[in-house]
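The values are calculated or read from the model by the stated rules, or taken from the named source; none is laboratory data. Given the structure is predicted, the values throughout are model-derived calculations rather than measurements. Neighbour counts are summed over all protein chains in view; Cβ atoms, including those assigned to glycine, are modelled from backbone coordinates with ideal geometry. These area figures cover heavy atoms from the full protein model, side chains too; ligands, DNA and RNA do not enter into them. Shrake-Rupley method; radii C 1.70, N 1.55, O 1.52, S 1.80 Å.
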Amino acid sequence: MAESDNERPIDLEAAMLDPATVFDDPTEVAAHARLTAQQKRVILERWKRNAQVRSASNEVTREEAEQARGHLSRVELAEGLLDRPHPLD
């Protein structure tokens, strides 16, 4: 995400319902300058739940399930960034 994207306004409601419609990658959530730490955690938790449901669903293709598992790994990475004293230093 470009630095200017890091500061762009976002549709917070959409991000909290389905983060993948607003962000390309969970780490973009952790890096976003206009979100509070609490908002970031809520968005990442939603992303995690969405990915868990998709990865376990019998109604998605194997490729979609693998992509969802990849998102789970990226969410965990993003959550780890939030736990650092200065998330993206």
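To the nearest 10 square angstrom, what accessible area does D11 show with a 1.4 Å probe?
That residue has around 90 Å² of solvent-accessible surface.
Once every DSSP H run of n ≥ 4 in the chain is given -39500 (n - 2.57) and the sum is divided by its residues, what mean residue ellipticity at 222 nm do you get, rounded to the nearest 500 deg cm²/dmol? Intermediate values should be presented prior to the final figure.
Working: 5 runs with 58 residues, N = 89.
Calculated mean residue ellipticity at 222 nm is -20000 deg cm²/dmol.
Could you sort the peptides 70-77, 32-39 by per-residue average Cβ neighbour count (10 Å cutoff), highest mean leading?
70-77, 32-39
About its Cα centre, how strong a charge dipole does the chain have in debye, to the nearest 20, once Lys and Arg get +1 and Asp and Glu get -1 at the Cβ?
Value, rounded to 20: 300 debye.
Binned at 5 Å from 0, what are the whole-percent values of the Cα-Cα distance distribution for the chain, short to long?
3, 15, 26, 24, 17, 9, 5, 1, 0
How much net charge surrounds R62 when only the other residues with a Cβ under 13 Å from the Cβ of R62 are counted, with Lys and Arg +1 and Asp and Glu -1?
-2
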